[in-house]
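Trainee: I have a structure I would like to understand better, so I am pasting it below and will then ask my questions one at a time.
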2 protein chains.
Amino acid sequence: MADDMQLLTSLVPYLGEPHPDLRQRVLDLLTTESFLIPVEIDRAEHRRRVRMAVEVLAAEGLGRLAFPRAYGGEDAPERAIAVFETLAFGDTSILVKFGVQFGLWGGSVLQLGTEKHHHRWLREIGTLELPGCYAMTEIGHGSNVRELETTATWDDETDGFVLDTPHEGAGKEWIGNAALDGRMATVFAQLSVRGEAHGVHALVVPIRDEDGAPLPGVRIEDNGPKVGLNGVDNGRIWFDRVRVPREHLLDRFATVTEGGRYESTIESSGRRFFTMLGTLVAGRISIAAASVSAAKVGLTIGVRYSDRRRQFGPEDGVEVPVLDYASHQRRLLPRVAATYAYHFAVRKLVGRYAEVLRARRAGGEGTEEGLREVEARAAVLKALASWHAADAIQEAREAMGGRGYHAANRLGRLRADTDVFSTFEGANPVLLQLVAKSLLTQFREEMGDLHFMDALRYVAERAGTTVRERNPVATRRTDRDHLRDPEYHRAAFRYREERLLESAARRLKGFIDDGVEPFEAFNRCQDHLETLAVAHGERLALEAFLEGVVEAPSGDASDMLADLARLFALERMQEDRAWFLEAGYVEPVKSRAIRAEVGVLCRALRPVALTLVDGWGIPDAVLDAPDALGCVVMTTRPAPAPPRPAS
Amino acid sequence: MADDMQLLTSLVPYLGEPHPDLRQRVLDLLTTESFLIPVEIDRAEHRRRVRMAVEVLAAEGLGRLAFPRAYGGEDAPERAIAVFETLAFGDTSILVKFGVQFGLWGGSVLQLGTEKHHHRWLREIGTLELPGCYAMTEIGHGSNVRELETTATWDDETDGFVLDTPHEGAGKEWIGNAALDGRMATVFAQLSVRGEAHGVHALVVPIRDEDGAPLPGVRIEDNGPKVGLNGVDNGRIWFDRVRVPREHLLDRFATVTEGGRYESTIESSGRRFFTMLGTLVAGRISIAAASVSAAKVGLTIGVRYSDRRRQFGPEDGVEVPVLDYASHQRRLLPRVAATYAYHFAVRKLVGRYAEVLRARRAGGEGTEEGLREVEARAAVLKALASWHAADAIQEAREAMGGRGYHAANRLGRLRADTDVFSTFEGANPVLLQLVAKSLLTQFREEMGDLHFMDALRYVAERAGTTVRERNPVATRRTDRDHLRDPEYHRAAFRYREERLLESAARRLKGFIDDGVEPFEAFNRCQDHLETLAVAHGERLALEAFLEGVVEAPSGDASDMLADLARLFALERMQEDRAWFLEAGYVEPVKSRAIRAEVGVLCRALRPVALTLVDGWGIPDAVLDAPDALGCVVMTTRPAPAPPRPAS
């Protein structure tokens, strides 16, 4: 027990790095009145409460950390992400409204705009004096953003642009802050200048006057009740000949000169589009980080309860804590392990992102490649972490039986709120296809098909030479030393990814050589590409986890985390053992041994289950789930008195 | 198109059998004002609306179909289940409140009581003049019902029983109808007569007076907000020396005579307990049926939308309906197939249940075995169907992207409401363990360990003799005729189940021979046992599906369903291909061929996807999801005008 306390004492600060000061400030706020949203609340009141909480965050200066110092910020996007990650322990509507205002609205002005835009708007965005929107998604176009239909047409007469929604289905949809609070919006629209189309660009468009009434030509509709996140005022926006001056074009990558000439430093419209989107990568990183936090909340509640709740037991004996059951351990502990893996993976990604930004600011070389890499990692980790969160919260709910169904225990709203994480900031299936394509083209420079085909040919040709060889002895080795060896896990994850990459390339090339249209060739390989992207993401997660083990603050912590990393690796391998069997990478005898080892690791880690979830450092008052704190489980059988929280 | 209409015209009545009249009556009611619950509604109002809807159902005589004719019923439990199954297309709170009143409260009086109880209460239960509860679950004991702690103590003086809740944690919890409406309750309590404990028995206990105030000694608390089903008034109940007369003991299986003598026709208290629970099997069957209905609602909405929603496409071409994408097909169509499988499996189970009840009424032989079989099937199908519903609804939500997140499209509430289906009427993991044990003991007569060990020995000994042999040629056959052969699927599913059964028995026996305590031996095999139970349930589902194909109303319908059954079988096999590979039942080349065939079947079935979901016959007005009916998806690319519903 003393050991557990020591472990915990070293674990919490380790997992709270970097920016522990900032995290603590947010945790302190989360336990204040403004941040505790009642379980039952109507939509209008929920929105009002959420708005108030975001005002507190703005007043604390926590919304503008990514902004330049000149506008009250710290020029530190990675600190902004740490705030977002910590906010995700609390009400998710507050989190998302915060993200809309400072990350999406502020972030788009910061990243897509230039000095004049920053100067004009950033300060007021940071203080929430100027609430705004990020108006990208349309009713008819969600995933396929490049085909959105709102138009921004250059008008010589007025030296500005005219915004139009060509038809009802091209209305902006799901726009956070639109239904109530937003006064301006970054609007993504098809830009045309003197009859020439230049693709999607972003413009700042006022949508409401000081009194909150929609401006002429702007029609706004409330998006109405949602599955979750009902504290966020999403809405739809249509434009009818709405004029904005020339300087409202966010012109970091392309501008229109006074005389009405379109100029861009990036020639290809495809590349320009993806460069623009790429600057907004912080959003995806933030959702990945928030997903990990949501999984932590769910699993902390589920594990704490399962550690205490007793049910059934040997004849005439004491009833057993449900977490002592093998199947219960299998449901929860590998998910705890995966949460650690994504924790370290996201942390590493944030570090890399900050590094790339610093290099860019210093005018460094290779920042383009660096950004591409960050984009690909953000995409795959956002997809895997958001699905993981949904799955972990659901498993926690079921592990708690009926108690998980009490709204007071938070899992319902948490699940409903975070459900859309798999959809917004890029639908997960679409992201995985993008990641696979990016792997295939090895950080390609262009989206053009020609380049892509070259890359494909290259990957297909090198197949069989670079992939590490299967070791005929290793496919049958079942001794524990081998099964638990992190180098074995690393090699297995790499092997899987490389094999999937080469086989995908070969299949695609085969289809195309047979005259199948590229679009259809990709369609036929979608499953394969998705599998590849997942294998890639899991490899990143494992490697980050193993680094996290090495850097652990003490030998005990390191040993415990090493076992947890083993559990992550072996459980993933056993989940995907069909692939390893088909590839001949493991023989059936080994596959069975891996499964057995997962059970052994679960049993071995069960005594530190509480330490593992408490290591995430979510204070009781933030956790705010009665059944994760107290204990109502009493029996007539002679059971030891259950532990109670100190009063 | 004409063919599709013909198919649909034959499919809808086929899937609506038996009792189409009754189903139609319920469907008609579901479109009336009383049954359409607004998307946004507070808890009190939701409860009021739900109560009103249940009153309508009672007035229509739909609650008492399982009751004897003498009390207004039809003596037809299978017709009661058809009503429940159809109600599940609408608001789930109405469904559950209906189930509490007539199935649980009425069902317990009917099944556990005798003539005098029926005479006294059934008529008023059926008309809802006497709302009541089914008070089994306690705060401290959910799954482990046998250890519940409420006591019913015989009192000579008053010729009756005294009900007591020994401590706070023994309060009844989650009791439907308790928070507001219930006037009486079937209370499960540990019966003791003159110092002798007789285990759990059920008694009818008045809990509220005519004015709705709790009676003396009865304390009731509202269970508060839940993740879903907020239209149902669940509550907690504690008893403090509450007296009921002797004849309030529901005494079908055990009675206490006037002089205070305990008598039962069933000697073993374990067997008595399970016999009592067994009579309540209709509840589990009903939840399995309702789960299938919920999956139908979710998938109909998801598939209809995906059939129309266009996104991305070949360069400069028309955008493609998302259901044309291979990965989208893989997400939805196998789930449609599984829904058909569980549809037929549940239908068959209901038929068998009705048959057994008829046989019992006629005093027929073998009804004990029949009931045991029905219980085991109900348990496994309840578990698999409820998990399937959660998974299918979630997949539909994600397949619809942001549109699935609109509360108006119903998937959120449907998911939250049905989420608890995996927990109530027996937590799924617990049910699967029970099913596996029942398979191991071959419809054992007793729960006693001795008998069980005998069965274990028997199964372990016959291992290797009865399991059909692997065919060394078949493990590599990859030709389409073979892969699509239903006899192959049937053999594979049976092989898997038998192998899992024998290996589980061998493992258990091994542990026990090594001196491991039975409780711990079972704990170590939990995963194995769960896998066995799932294999059993999937085998039942496949066989029922194949029968459903044979009995299809036309050659075209039969062909289509045959392909769908192939998809179900092969998709399950590919999901579990690791097992088949490990067992040597398929070689890697065959495993890959199965996966490919799943894709081929998805493509082949995509054109009839709408027909398949519309075959479930959910009227638009009941479906009540705007995006499954209309169409808001417009693009500037030259796409054909999307179909619109006839006005």
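Trainee: Being in contact (Cβ under 8 Å) with a residue 12 or more places away in the chain, assigned to a helix (DSSP H, G or I) and either within 14 Å of chain B (Cβ to nearest Cβ) or open to solvent by 10 Å² or more (accessible area, probe 1.4 Å) (or both): is that true of A:GLY270 here? So that I can check it myself, show each step before the final result.
Mentor: Details: in contact (Cβ under 8 Å) with a residue 12 or more places away in the chain: yes; assigned to a helix (DSSP H, G or I): yes; either within 14 Å of chain B (Cβ to nearest Cβ) or open to solvent by 10 Å² or more (accessible area, probe 1.4 Å) (or both): yes.
It is true that A:GLY270 is in contact (Cβ under 8 Å) with a residue 12 or more places away in the chain, assigned to a helix (DSSP H, G or I) and either within 14 Å of chain B (Cβ to nearest Cβ) or open to solvent by 10 Å² or more (accessible area, probe 1.4 Å) (or both).
Trainee: Does A:HIS19 fit the bill of being of a type outside the set (Lys, Arg) and under 17 Å from A:HIS343 (Cβ atoms)? Full working, then the answer.
Mentor: Values: of a type outside the set (Lys, Arg): yes; under 17 Å from A:HIS343 (Cβ atoms): yes.
Criteria met by A:HIS19.
Trainee: Taking the condition in contact (Cβ under 8 Å) with a residue 12 or more places away in the chain and part of a loop (DSSP other than H, G, I, E, B), does A:ALA179 pass? Before the answer, list the steps.
Mentor: Working: in contact (Cβ under 8 Å) with a residue 12 or more places away in the chain: yes; part of a loop (DSSP other than H, G, I, E, B): yes.
The answer is yes for A:ALA179.
Trainee: Looking at segment A:156-190, which of its residues are farther than 26 Å from A:LEU128 by Cα, open to solvent by 30 Å² or more (accessible area, probe 1.4 Å) and within 12 Å of chain B (Cβ to nearest Cβ)? Step through it out loud before you land on a result.
Mentor: Within segment A:156-190, the first condition is being farther than 26 Å from A:LEU128 by Cα, and the residues that meet it are A:156-162, A:164-170, A:190.
Subset that is open to solvent by 30 Å² or more (accessible area, probe 1.4 Å): A:156-159, A:164, A:166-168, A:190.
Scanning segment A:156-190 gives A:PRO166, A:HIS167, A:GLU168, A:GLN190.
Trainee: Being open to solvent by 30 Å² or more (accessible area, probe 1.4 Å) and hydrophobic (A, V, I, L, M, F, W, C), is that true of even one residue in segment B:231-252? Steps first, please.
Mentor: Step one: of segment B:231-252, the residues open to solvent by 30 Å² or more (accessible area, probe 1.4 Å) are B:236, B:240-241, B:243, B:245-247, B:252.
So of that shortlist, the ones also hydrophobic (A, V, I, L, M, F, W, C) come out as none.
Scanning segment B:231-252 turns up no residue that is open to solvent by 30 Å² or more (accessible area, probe 1.4 Å) and hydrophobic (A, V, I, L, M, F, W, C).
Trainee: Which one is farthest from the other protein chains (Cβ to nearest Cβ), of the residues in segment B:208-219 that are hydrophobic (A, V, I, L, M, F, W, C) and over 19 Å from B:ARG48 (Cα atoms)? Walk me through it before giving the result.
Mentor: Applying the first criterion (hydrophobic (A, V, I, L, M, F, W, C)) to segment B:208-219 yields B:213, B:215, B:218.
Still in the running and over 19 Å from B:ARG48 (Cα atoms): B:215, B:218.
Working: B:LEU215: 25, B:VAL218: 20 Å.
Filtering first and then ranking leaves B:LEU215.
Trainee: Do we find that A:THR153 is assigned to a strand (DSSP E or B), open to solvent by 20 Å² or more (accessible area, probe 1.4 Å) and farther than 30 Å from A:VAL50 by Cα in this structure? Explain how you work it out, then say what you get.
Mentor: On the way: assigned to a strand (DSSP E or B): yes; open to solvent by 20 Å² or more (accessible area, probe 1.4 Å): yes; farther than 30 Å from A:VAL50 by Cα: yes.
It is true that A:THR153 is assigned to a strand (DSSP E or B), open to solvent by 20 Å² or more (accessible area, probe 1.4 Å) and farther than 30 Å from A:VAL50 by Cα.
Trainee: Is at least one residue of segment A:616-629 assigned to a helix (DSSP H, G or I) and of a type in the set (Phe, Trp, Tyr)?
Mentor: If we filter segment A:616-629 for residues that are assigned to a helix (DSSP H, G or I), which is where we start, we get A:620-623, A:626-629.
If we keep only those that are of a type in the set (Phe, Trp, Tyr) too, we end up with none.
So far as segment A:616-629 goes, no, none of its residues is assigned to a helix (DSSP H, G or I) and of a type in the set (Phe, Trp, Tyr).
Trainee: Restricting to segment B:408-435, give me the number of residues that are open to solvent by 20 Å² or more (accessible area, probe 1.4 Å), in a helix (DSSP H, G or I) and facing chain A (nearest Cβ under 7 Å).
Mentor: 3
Trainee: Still on this structure, please answer the following. As an exercise: evaluate B:TYR342 against (1) within 8 Å of chain A (Cβ to nearest Cβ); (2) modelled with pLDDT of 95 or more and give the number of the one condition it does not meet.
Mentor: (1)
Trainee: Looking at this structure, is B:SER327 over 30 Å from A:GLY169 (Cα atoms), part of a helix (DSSP H, G or I) and open to solvent by less than 30 Å² (accessible area, probe 1.4 Å)?
Mentor: Values: over 30 Å from A:GLY169 (Cα atoms): no; part of a helix (DSSP H, G or I): yes; open to solvent by less than 30 Å² (accessible area, probe 1.4 Å): yes.
Here the answer is no, as B:SER327 does not meet what is asked.
Trainee: Against the definition (in contact (Cβ under 8 Å) with a residue 60 or more places away in the chain, in a helix (DSSP H, G or I) and of a type in the set (Ser, Thr, Tyr)), how does B:SER10 come out, yes or no? Steps first, please.
Mentor: Details: in contact (Cβ under 8 Å) with a residue 60 or more places away in the chain: yes; in a helix (DSSP H, G or I): yes; of a type in the set (Ser, Thr, Tyr): yes.
Taking the combined requirement at face value, the residue satisfies it.
Trainee: When the residues of segment A:303-334 are filtered to those that are within 17 Å of B:ASP527 (Cα to Cα) and aliphatic (A, V, I, L, M), which remaining residue is nearest to the other protein chains (Cβ to nearest Cβ)?
Mentor: A:ALA326
Trainee: Scanning for something touching a residue at least 24 places away in the same chain (Cβ under 8 Å) and either acidic (Asp, Glu) or within 14 Å of chain B (Cβ to nearest Cβ) (or both), does segment A:281-297 turn up at least one residue? Walk me through how you get there before you give the answer.
Mentor: Applying the first criterion (touching a residue at least 24 places away in the same chain (Cβ under 8 Å)) to segment A:281-297 yields A:281-297.
The next check asks that each one be either acidic (Asp, Glu) or within 14 Å of chain B (Cβ to nearest Cβ) (or both); those that pass are none.
No, every residue in segment A:281-297 fails to be touching a residue at least 24 places away in the same chain (Cβ under 8 Å) and either acidic (Asp, Glu) or within 14 Å of chain B (Cβ to nearest Cβ) (or both).
Trainee: Here's another thing I want to ask about it. Looking only at segment A:17-30, decide whether some residue is over 19 Å from A:GLU55 (Cα atoms) and open to solvent by less than 50 Å² (accessible area, probe 1.4 Å).
Mentor: From segment A:17-30, those over 19 Å from A:GLU55 (Cα atoms) are A:17-21; that's our starting set.
Among the residues that remain, those that are also open to solvent by less than 50 Å² (accessible area, probe 1.4 Å) are: A:19.
So far as segment A:17-30 goes, yes, one or more of its residues are over 19 Å from A:GLU55 (Cα atoms) and open to solvent by less than 50 Å² (accessible area, probe 1.4 Å).
Trainee: Something else: Evaluate segment B:68-77: report whether one residue or more is aromatic (Phe, Trp, Tyr), buried (at least 24 other Cβ atoms within 10 Å of the Cβ) and touching a residue at least 24 places away in the same chain (Cβ under 8 Å).
Mentor: At the first step, the residues of segment B:68-77 found to be aromatic (Phe, Trp, Tyr) are B:71.
Keeping just the survivors that are buried (at least 24 other Cβ atoms within 10 Å of the Cβ) gives none.
No: zero hits.
Trainee: Related question: Just to verify a result, which residue in segment A:578-633, among those that are open to solvent by 20 Å² or more (accessible area, probe 1.4 Å) and of a type in the set (Lys, Arg), is farthest from the other protein chains (Cβ to nearest Cβ)?
Mentor: Taking the candidates together, the pick is A:ARG606.
Trainee: Same structure again: Give A:GLY231, A:GLY199, A:GLY235 a once-over and let me know the one that is closer than 30 Å to A:ALA390 by Cα, touching a residue at least 24 places away in the same chain (Cβ under 8 Å), in contact with a helix residue (DSSP H, G or I) (Cβ under 8 Å, 6 or more places away or on another chain) and not basic (Lys, Arg). Before you say what the answer is, go through the steps one by one.
Mentor: Values: A:GLY199 fails: closer than 30 Å to A:ALA390 by Cα; A:GLY235 fails: in contact with a helix residue (DSSP H, G or I) (Cβ under 8 Å, 6 or more places away or on another chain).
The match here is A:GLY231.
Trainee: Is it the case that segment A:254-263 has a residue that's among the aliphatic types (A, V, I, L, M), under 31 Å from the mean Cα position of the chain (by Cα), modelled with pLDDT of 90 or more and open to solvent by 10 Å² or more (accessible area, probe 1.4 Å)?
Mentor: Filtering segment A:254-263 down to residues among the aliphatic types (A, V, I, L, M) leaves A:254, A:256.
Applying the additional criterion that residues be under 31 Å from the mean Cα position of the chain (by Cα) yields A:254.
With the extra rule that they be modelled with pLDDT of 90 or more, the set shrinks to A:254.
Narrowing the set further to residues that are open to solvent by 10 Å² or more (accessible area, probe 1.4 Å) leaves none.
Scanning segment A:254-263 turns up no residue that is among the aliphatic types (A, V, I, L, M), under 31 Å from the mean Cα position of the chain (by Cα), modelled with pLDDT of 90 or more and open to solvent by 10 Å² or more (accessible area, probe 1.4 Å).
Trainee: Given the options A:ALA552, A:ALA535, name the one that is surrounded by 23 or more Cβ atoms within 10 Å (Cβ to Cβ) and modelled with pLDDT of 95 or more. I'd like the intermediate steps shown before the answer.
Mentor: On the way: A:ALA552 fails: surrounded by 23 or more Cβ atoms within 10 Å (Cβ to Cβ).
The unique qualifying residue is A:ALA535.
Trainee: Starting from segment B:126-151, keep only residues that are within 15 Å of B:GLY171 (Cβ to Cβ), then list their pairs with residues that are crowded, with 19+ Cβ neighbours inside 10 Å and of a type in the set (Lys, Arg) whose Cβ atoms are within a distance under 6 Å, requiring at least 6 positions of separation or different chains.
Mentor: B:ALA135/B:LYS172; B:GLU138/B:LYS172
Trainee: Condition first: more than 8 Å from chain B (Cβ to nearest Cβ), under 14 Å from A:ARG304 (Cα atoms) and either over 21 Å from the mean Cα position of the chain (by Cα) or free of Cβ contacts under 8 Å to residues at least 60 places away in the same chain (or both). Now tell me which residues in segment A:386-402 satisfy that.
Mentor: Of everything in segment A:386-402, those that are more than 8 Å from chain B (Cβ to nearest Cβ), under 14 Å from A:ARG304 (Cα atoms) and either over 21 Å from the mean Cα position of the chain (by Cα) or free of Cβ contacts under 8 Å to residues at least 60 places away in the same chain (or both) turn out to be A:ALA399, A:MET400.
Trainee: Among (1) surrounded by 16 or more Cβ atoms within 10 Å (Cβ to Cβ); (2) assigned to a helix (DSSP H, G or I), there is one condition B:GLU547 misses while meeting the rest; what is its number?
Mentor: B:GLU547 satisfies all of (1) surrounded by 16 or more Cβ atoms within 10 Å (Cβ to Cβ); (2) assigned to a helix (DSSP H, G or I) except (1).
Trainee: Among B:GLY363, B:GLY370, which is the only one that is without any contact (Cβ under 8 Å) to a residue 40 or more places away in the chain, more than 9 Å from chain A (Cβ to nearest Cβ) and open to solvent by less than 10 Å² (accessible area, probe 1.4 Å)?
Mentor: None of the others qualify; the one that does is B:GLY370.
Trainee: Condition first: part of a helix (DSSP H, G or I) and either out of contact with any Pro (no Cβ under 8 Å at 6 or more places or on another chain) or open to solvent by less than 10 Å² (accessible area, probe 1.4 Å) (or both). Can you find one or more residues in segment A:58-66 that meet it? Reasoning before the result, please.
Mentor: Residues of segment A:58-66 part of a helix (DSSP H, G or I): A:58-59.
From the residues that got through so far, the ones that are either out of contact with any Pro (no Cβ under 8 Å at 6 or more places or on another chain) or open to solvent by less than 10 Å² (accessible area, probe 1.4 Å) (or both) too are A:58-59.
For segment A:58-66, residues part of a helix (DSSP H, G or I) and either out of contact with any Pro (no Cβ under 8 Å at 6 or more places or on another chain) or open to solvent by less than 10 Å² (accessible area, probe 1.4 Å) (or both): present.
Trainee: Another question, if that's okay. Being within 24 Å of the chain's Cα centre (by Cα) and open to solvent by 20 Å² or more (accessible area, probe 1.4 Å), is that true of even one residue in segment B:486-494? Show your work before the answer.
Mentor: Our first condition is that a residue be within 24 Å of the chain's Cα centre (by Cα); within segment B:486-494, this holds for B:490, B:493-494.
Okay, now just the ones that are also open to solvent by 20 Å² or more (accessible area, probe 1.4 Å), so B:490, B:494.
Scanning segment B:486-494, I find at least one residue that is within 24 Å of the chain's Cα centre (by Cα) and open to solvent by 20 Å² or more (accessible area, probe 1.4 Å), so the answer is yes.
Trainee: Among the residues that make up segment B:130-148, is at least one of them on the phi > 0 side of the Ramachandran plot and either more than 9 Å from chain A (Cβ to nearest Cβ) or not in a helix (DSSP H, G or I) (or both)? Even if it seems obvious, please write down each step before you answer.
Mentor: We begin by selecting, within segment B:130-148, every residue on the phi > 0 side of the Ramachandran plot; these are none.
Among the residues of segment B:130-148, not one is on the phi > 0 side of the Ramachandran plot and either more than 9 Å from chain A (Cβ to nearest Cβ) or not in a helix (DSSP H, G or I) (or both), which makes the answer no.
Trainee: Any residue at all in segment B:206-225 that is touching a helix residue (DSSP H, G or I) at 6+ places or on another chain (Cβ under 6 Å) and either in contact (Cβ under 8 Å) with a residue 12 or more places away in the chain or not in a loop (DSSP other than H, G, I, E, B) (or both)?
Mentor: The initial filter retains those residues of segment B:206-225 that are touching a helix residue (DSSP H, G or I) at 6+ places or on another chain (Cβ under 6 Å), namely B:225.
Now narrow it down to the ones that are either in contact (Cβ under 8 Å) with a residue 12 or more places away in the chain or not in a loop (DSSP other than H, G, I, E, B) (or both): B:225.
Scanning segment B:206-225 turns up at least one residue that is touching a helix residue (DSSP H, G or I) at 6+ places or on another chain (Cβ under 6 Å) and either in contact (Cβ under 8 Å) with a residue 12 or more places away in the chain or not in a loop (DSSP other than H, G, I, E, B) (or both).
The values are calculated or read from the model by the stated rules, or taken from the named source; none is laboratory data. Note that the structure is a prediction, hence the values are computed from the model and not measured. Positions of Cβ are backbone-derived with ideal geometry, glycine not excepted, and every protein chain shown enters the neighbour counts. Quick note on the areas: whole protein, heavy atoms, side chains included, nothing else; ligands and nucleic acids left out. Shrake-Rupley method; radii C 1.70, N 1.55, O 1.52, S 1.80 Å.
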